[in-house]
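I have placed the structure first, in the form of structure tokens, so that the comments after it can refer back to it.
Computed from the coordinates by the stated procedures, all read-outs in this text should not be read as laboratory data. This is a predicted model, so every value here is computed, not measured. Cβ: placed from backbone, ideal geometry, glycine included. Neighbour counts: every protein chain shown.
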Amino acid sequence: MQFIFLKVVKVKKTLIFIIVLVIIATVAWGILLHTPIIKKNDFHYVLKSGVSARTFANDLHKHAGLKNPFLFRLLIKLSGEGHKLQSGEYFFPKGSTASEVLGMVVDGEVLNYPFIIVNGWNYRGVVKALQKNSSLKKTIAGQSAQAVAKKLGTEYKTPEGLLFPDTYYYVSGATDFAVLQRAYKTMQDYLQKAWQNRASDLPYRNSYKALIVASMIEKETAIKQEKPIIAAVILNRLKKWIPLQIDATVIYGLGENFNGDLTRKDLRHKTPYNTYVNYGLPPTPISMPGRDSIQAALHPAKTDVLYFVAKDDGTHKFSKTLKRHDLAVEKYQLHESVAKQNK
């Protein structure tokens, strides 16, 4: 009987010992998971394909302040995630824990860079911005707009107007053309939906003509409330077969020859985009229009205004007759010009 009692006591002690060990191991595991291992500074790290857990841990030890690479390797091994480490460029903020770092490389939360296509940029401006971006692999340098348009799969001769203004995130090593592809697809998707929901009785033969109008609206005003009115001016003038006389189209046609000062000579210079000497729309868009400009082109204001002139506060004065327009020009343009000369 006494023997049985001693045996029970021994079993209890063993169980208590095991429980204590489990508790200690659990606490230690929790500490290991949640103790910061990125201690020096924020850490950029490129995890190359095929790199071992040992190399990864040693790199963190050398460059990021990881005190015990052995424990970190043990964590990777015990988690069973060692074969799931995904290559790429990572950003580990200072104070990141072992659990957070491991989770990022297992889930492939690689560093993403933003590329912004700004409303109103033209294709030339987009290409220049892409070439300045050091994180992108350059593949379109030296290629003509026509060649890039063909690669994008569009039926039009240039990507002008076909790239949706937005922020596009990419990983290091992505190509500049891949960014253009995403911007092109985004524009196609948005324009298709917007075209399906357009106002009735519009004169456009297709959505591309609407995009041309939207691109002019984009260059003429940044004020959302004015965009549908400018759309109405353009469509009203087209209906009456009046030259559009949009300065932005003239500037676009001059290209790199434009020096920043639009002259009377420029207004008489013949290009396909000079809407002072040519009737109708220019042959292509002149910029990358954003949502508001596209919606304005497809939902113009119901008004019979035919003219507008810029005021000194960035807004515009709209007129229905040439007489009222001439008075507005005298008030807002000629008066401003004289005031500048007198300063």
Could you calculate the FRET efficiency of Asp42 with Lys137 from 1/(1 + (r/R0)^6), where r is the beta carbon distance between them and R0 is 30 Å, rounded to 0.05?
-> 0.75
Which order do Lys77, Lys317 fall in if you start with the one that has the fewest other Cβ atoms within 10 Å?
-> Lys77, Lys317
Rg and Dmax of the stretch 32-110, Cα atoms only, in Å | 10.9, 28
The farthest towards the positive end of the charge dipole of the chain, of the residues Gly255, Ile229, Ala64, given +1 on Cβ of Lys and Arg and -1 on Cβ of Asp and Glu, is Ala64
Reachable lysines from Lys185, Cα under 19 Å, same-chain residues fewer than 8 places away excluded?
-> Lys150, Lys151, Lys157, Lys193, Lys209
Using alpha-carbon pairs under 8 Å, 6+ residues apart, how would you state the relative contact order of the chain in percent?
-> 14 percent
When a footprinting reagent is the concern and you count Cβ atoms within 10 Å, what order do Arg182, Arg324 take, fewest first?
-> Arg324, Arg182
So for the stretch 201-342, using the alpha carbon gyration tensor with a ≥ b ≥ c as root eigenvalues (a/c under 1.5 gives rounded; past that, a/b versus b/c decides prolate or oblate), I'd call it oblate
Using all Cα-Cα distances in the stretch 164-271, what percent lands in each 10 angstrom bin from 0 up to the longest?
-> 11, 32, 34, 19, 3, 0
Would you order Val329, Val127 from fewest to most other beta-carbon atoms within 10 Å of each residue's own beta-carbon?
-> Val329, Val127
To the nearest 10 degrees, how steep is helix 69-79 against the longest Cα principal axis of the chain, on a 0 to 90 scale?
-> 90 degrees
For the chain, go through all pairs of different Cα atoms, get the mean of 1/r, take its inverse, and jot down that Kirkwood value in Å.
-> 25.3 Å
What ³J(HN,Hα) values, in whole Hz, does the Karplus curve 6.51 cos²θ - 1.76 cosθ + 1.60 give for the stretch 268-281 when θ = phi - 60°, with x put for Gly and Pro?
-> 9, 6, 7, 9, x, 9, 7, 7, 8, 9, 10, 8, x, 7
Mind checking which of Ala147, Ala232, Ala210 has the largest fluctuation in a GNM of the chain, springs on alpha carbons under 10 Å?
-> Ala147
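Once R0 is set to 22 Å, what does the formula 1/(1 + (r/R0)^6) return for the Cβ-Cβ distance between Gln196 and Lys302, expressed as a FRET efficiency to the nearest 0.05?
0.55
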For Asn259 and Lys239, FRET efficiency with R0 = 30 Å and r from the beta-carbon atoms, rounded to 0.05?
-> 0.30
How large is ³J(HN,Hα), in whole Hz, for each residue of the stretch 234-248 in order, when computed from phi with the Karplus curve 6.51 cos²θ - 1.76 cosθ + 1.60 and θ = phi - 60°, using x for Gly and Pro?
-> 4, 5, 5, 5, 4, 5, 8, 6, 9, x, 5, 6, 9, 4, 4
Measure nothing fancy, just the Cα-based angle from helix 207-220's long axis to the longest principal axis of the chain, in degrees from 0 to 90, nearest 10.
-> 90 degrees
Residues with amide H under 5 Å from that of Thr97, placed H, sequence gap 5 or more = Ile37
So what is log10(I(q)/I(0)) for the stretch 112-192 at q = 0.17, 0.25, 0.27 1/Å, when the Debye sum runs over its Cα atoms only?
-> -0.60, -1.38, -1.59
Fraction of antiparallel bridges per DSSP, the chain only, in percent to nearest 5 | 95 percent
Measuring from label point to label point, each 7 Å out along Cα→Cβ, what is the Leu267 to Asp326 span in nm?
-> 1.4 nm
Could you give the size of the charge dipole of the stretch 112-192 about its Cα centre, using +1 on the Cβ of each K and R and -1 on the Cβ of each D and E, expressed in debye and rounded to the nearest 20?
-> 300 debye
Please find, in a Gaussian network model of the chain (springs between Cα atoms separated by less than 10 Å), the residue of Gly260, Gly280, Gly82 whose mean-square fluctuation is greatest.
-> Gly260
Short version: ³J(HN,Hα) in whole Hz for each residue of the stretch 147-158, in order, from phi by Karplus 6.51 cos²θ - 1.76 cosθ + 1.60 (θ = phi - 60°), x for Gly and Pro, what are they?
-> 5, 5, 4, 5, 5, 6, x, 7, 7, 8, 7, 9
Taking the chain as the reference, fit the longest principal axis to its C-alpha atoms, fit the long axis of helix 123-132 to the helix C-alpha atoms, and give the angle between the two in degrees, 0 to 90, nearest 10.
-> 30 degrees
